[in-house]
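Reading through the structure tokens given below for one structure.
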Amino acid sequence: MKRVVVGLSGGVDSSVAAYLLQQQGYEVIGLFMKNWHDDSVTISNDCPWLEDSNDALLVAEKLGIPFQTVDLSEQYKEKIVDYMFNEYEKGRTPNPDVLCNREIKFDVFMKIALSLGADYVATGHYCRKSEIEVDGKAVYQLLAGVDNNKDQSYFLCQLSQEQLAKSLFPIGELTKPQVREIAAEMELVTAEKKDSQGLCFIGKVRLPEFLQQKLQPKDGIIVQIDKDNPVYNTTVSDDLNTEEALALAAKPIQYTPEMGKKVGKHQGAHYFTIGQRKGLNVGGTAEGLFVIATDVVSNTIYTGMGSHHPGLFRKALFIEKSEVHWIRKDLALANGETMKVMARIRYRQPLQEATLHQFEDGMYVSFKEPQSAITEGQFVAWHLGEELVGSGVIS
């Protein structure tokens, strides 16, 4: 019997994952990851991880599998939380969920599981894994989940072949309603439990409140840039080579307060992200204002009116060389090579037609259609068919 350690989160997805593995004849062990016990930043008096770990324990008891809790809060603080604060301070918007999978679930947690003699680690992600042979060697593929509405392959876009080799995704072939149905049939306590919102594994924490614990509020101005501003009328010279043209298309516009009019105040540019609409508290505009840029050095937020404002859109983005990650290393591009892919710049965004261009110091991703709110620090992931083959941090 192969031994599998399941990351039981106290949610319905991982509960059903454990049950399915048991049905498939694996020896299953449930582990709950405790990643947080700094109560100064939770926004409610309840203790979310306690409730979740109790639910995970009840599921393990129901299935008759061994269960324990592992405390990873130190590693989580160092690898995820500190990193998040540093990124926000620099005016970038990190994706803690992608990092959490790469650094915690499929690294620190996986090492613990393997030390318990596990052959695999399993999670309740909606994605699939398959295996092909390339040049006589086994190569693992990360495939989208069958449920289009819940596909979570994006969150695993930074995994490596070594991590995939030891991973199982038991619910990837199912839809969410099917998962809930199985949980109800098995009378699992998590069958009706709502999906968790908030930071991965921290529970009920809203990001602005979380950030305010460490990043001090400071007053700054909100500037509105008109859609007809001449800054949007740049003509591209015909003399540029491909790399120069891509660099121009990927470069964010540098705004100054003189380009627009002051429409309000804010408590800190580092609390805002590109494309954000809520929380600006500026009234009296014909359409909603959207953040089109933030400047943490001058503590200024630049906004544009309406979701079609030209300041929201760009046709390309850049990934620094060290941040280009191929799950399928055998498909990695050499300098000067290009590849047509389908890509997304955020979870749940429909896949977009794009082309990868590899150069000496990094990779450009150019899109067929201009993309709204390309955000520094977030991940772009690219697919060939239903396979996610690589990703990178937007620079």
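Can you tell me which of T235, T242 is within 21 Å of K368 (Cα to Cα), hydroxyl-bearing (S, T, Y) and in contact (Cβ under 8 Å) with a residue 40 or more places away in the chain? Quick ask: steps written out before the conclusion?
On the way: T235 fails: in contact (Cβ under 8 Å) with a residue 40 or more places away in the chain.
Exactly one of T235, T242 is within 21 Å of K368 (Cα to Cα), hydroxyl-bearing (S, T, Y) and in contact (Cβ under 8 Å) with a residue 40 or more places away in the chain, namely T242.
Of the numbered criteria (1) surrounded by fewer than 18 Cβ atoms within 10 Å (Cβ to Cβ); (2) under 28 Å from A191 (Cα atoms), the one L156 fails is (1). On the basis of being surrounded by 15 or more Cβ atoms within 10 Å (Cβ to Cβ) and either at pLDDT 95 or above or assigned to a helix (DSSP H, G or I) (or both), does M33 make the cut? It is false that M33 is surrounded by 15 or more Cβ atoms within 10 Å (Cβ to Cβ) and either at pLDDT 95 or above or assigned to a helix (DSSP H, G or I) (or both).
Residues checked against (1) among the aliphatic types (A, V, I, L, M); (2) surrounded by fewer than 11 Cβ atoms within 10 Å (Cβ to Cβ):
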position: V223; (1), (2): yes, no
position: Y232; (1), (2): no, no
position: T235; (1), (2): no, yes
position: D238; (1), (2): no, yes
position: K251; (1), (2): no, no
position: Q254; (1), (2): no, yes
position: E258; (1), (2): no, yes
position: T273; (1), (2): no, no
position: G279; (1), (2): no, no
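Filter the helices (runs of 4 or more DSSP H) completely within the range 70-186 down to those with at least 1 residues that are more than 21 Å from L351 (Cα to Cα) and either in the same structural domain as I374 (by TED's automatic domain parsing) or over 17 Å from the mean Cα position of the chain (by Cα) (or both).
Answer list for the range 70-186: 73-76, 82-89, 109-115, 161-165, 176-185.
Across the range 211-247, the number of residues qualifying as touching a Ser or Thr at 6+ places or on another chain (Cβ under 8 Å) and at pLDDT below 95 comes to 1.
From the list M305, M342, the one residue that fits, being of a type outside the set (S, T, N, Q) and in contact with a His (Cβ under 7 Å, 6 or more places away or on another chain), is M342. Suppose we filter A343, A293 for residues that are of a type in the set (A, V, I, L, M), more than 21 Å from L388 (Cα to Cα) and either modelled with pLDDT of 95 or more or buried (at least 21 other Cβ atoms within 10 Å of the Cβ) (or both); which single one remains? Only one candidate qualifies: A293. The single condition among (1) over 30 Å from F290 (Cβ atoms); (2) buried (at least 19 other Cβ atoms within 10 Å of the Cβ) that G392 does not meet is (1).
Name every residue in the range 90-118 that is of a type in the set (D, E, K, R) and under 19 Å from E323 (Cβ atoms), in order of residue number.
Within the range 90-118, the subset of a type in the set (D, E, K, R) is 90, 92, 97, 102-103, 105, 107, 111.
Listed by number, the residues that qualify are K90, R92, D97, R102, E103, D107.
Filter the range 214-232 down to the residues that are touching a residue at least 12 places away in the same chain (Cβ under 8 Å) and more than 18 Å from T273 (Cα to Cα) and list them by number. Residues satisfying the conditions are D226, K227, N229, V231, Y232. If you take the residues of the range 43-53 that are within 27 Å of the chain's Cα centre (by Cα) and either surrounded by fewer than 22 Cβ atoms within 10 Å (Cβ to Cβ) or more than 30 Å from Q213 (Cα to Cα) (or both), which of them is modelled with the lowest pLDDT? Among them, the one singled out is I43. In this structure, I202 does not qualify as modelled with pLDDT of 95 or more, in the same structural domain as D119 (by TED's automatic domain parsing), out of contact with any Lys or Arg (no Cβ under 9 Å at 6 or more places or on another chain) and surrounded by 15 or more Cβ atoms within 10 Å (Cβ to Cβ).
Just one residue in the set L63, L99, L58 is at pLDDT 90 or above and within 24 Å of G275 (Cβ to Cβ); that residue is L99. Cβ-Cβ contacts under 9 Å between residues 6 or more apart (or on different chains), taken from a first residue in the range 251-270 that is without any contact (Cβ under 8 Å) to a residue 12 or more places away in the chain to a second residue that is surrounded by fewer than 17 Cβ atoms within 10 Å (Cβ to Cβ) and part of a loop (DSSP other than H, G, I, E, B), are listed as T256/S298.
With respect to A138, determine if the residue is touching a strand residue (DSSP E or B) at 6+ places or on another chain (Cβ under 6 Å), in contact (Cβ under 8 Å) with a residue 60 or more places away in the chain and under 22 Å from L164 (Cα atoms).
Details: touching a strand residue (DSSP E or B) at 6+ places or on another chain (Cβ under 6 Å): yes; in contact (Cβ under 8 Å) with a residue 60 or more places away in the chain: no; under 22 Å from L164 (Cα atoms): yes.
Criteria not met by A138.
S307 meets all of the listed conditions (1) within 29 Å of E89 (Cβ to Cβ); (2) buried (at least 18 other Cβ atoms within 10 Å of the Cβ) but one, namely (2).
The values are calculated or read from the model by the stated rules, or taken from the named source; none is laboratory data. This structure is a prediction, so every number in the text was calculated from the model and none was measured. Cβ atoms come from the backbone with ideal geometry, glycine included; neighbour counts cover every protein chain shown.
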